[in-house]
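Just below is one structure, and these are the notes that go with it.
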Amino acid sequence: MTHRDIQKAAAASADLFCEVTDCYDEYEVGRHVGYTKGFVDGDQWRIDSVWHKPNEQPKRNRVYLAQMGEEAFDTFYDSNNWESFSKGLNITRWAYIEDLLPEDNK
């Protein structure tokens with residue numbers, strides 16, 4: 001989902017909110033704007049929250065995705081001597097694979 005898609009989803013969600021609450025006065029229009037901003041900001045927080053800095057060592061026996069430099073990504077399972085490993089590959093951030101996947105809310 002692109003940033004533009006997220007903004008469209010936020011606006012659509014805020015529009016549904018306004019259909020229920022009748023956003024006709026300035027106060028309600030302000031709530032619409034705030035609702036949209038909160039939706040987008042919450043989405044950005046969720047995206048950013050799964051990523052760890054390279055000085056944080058991943059837990060043992062877990063699969064993670066690492067960004068190396070600006071554009072390269074690779075998956076790893078565990079890693080001995082994390083400090084040397086992460087510096088040698090120029091790891092700039094990493095995330096557990098399970099944190100990147102959608103939750104199963106069945």
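The values are calculated or read from the model by the stated rules, or taken from the named source; none is laboratory data. Computed from a predicted structure; not experimentally measured. Cβ sites come from the backbone with ideal geometry, for glycine too, and all protein chains shown count toward neighbours.
Cβ contacts < 7 Å: first residue on the phi < 0 side of the Ramachandran plot and assigned by TED's automatic domain parsing to the domain that holds ALA95, restricted to the stretch 51-75; second residue exposed (fewer than 10 other Cβ atoms within 10 Å of the Cβ) and of a type in the set (Phe, Trp, Tyr), any location; separation 6+ or different chain. Result?
Every condition considered, no pair remains.
Restrict the check to the stretch 74-86 and report whether at least one residue is under 19 Å from the mean Cα position of the chain (by Cα), at pLDDT 85 or above, among the acidic types (Asp, Glu) and in a helix (DSSP H, G or I).
Of the stretch 74-86, the ones under 19 Å from the mean Cα position of the chain (by Cα) are 74-75.
Restricting the remaining residues to those that are at pLDDT 85 or above gives 74-75.
Retained after the next criterion (residues that are among the acidic types (Asp, Glu)): 74.
Adding the requirement that they be in a helix (DSSP H, G or I) leaves none.
The answer is no; no qualifying residue exists.
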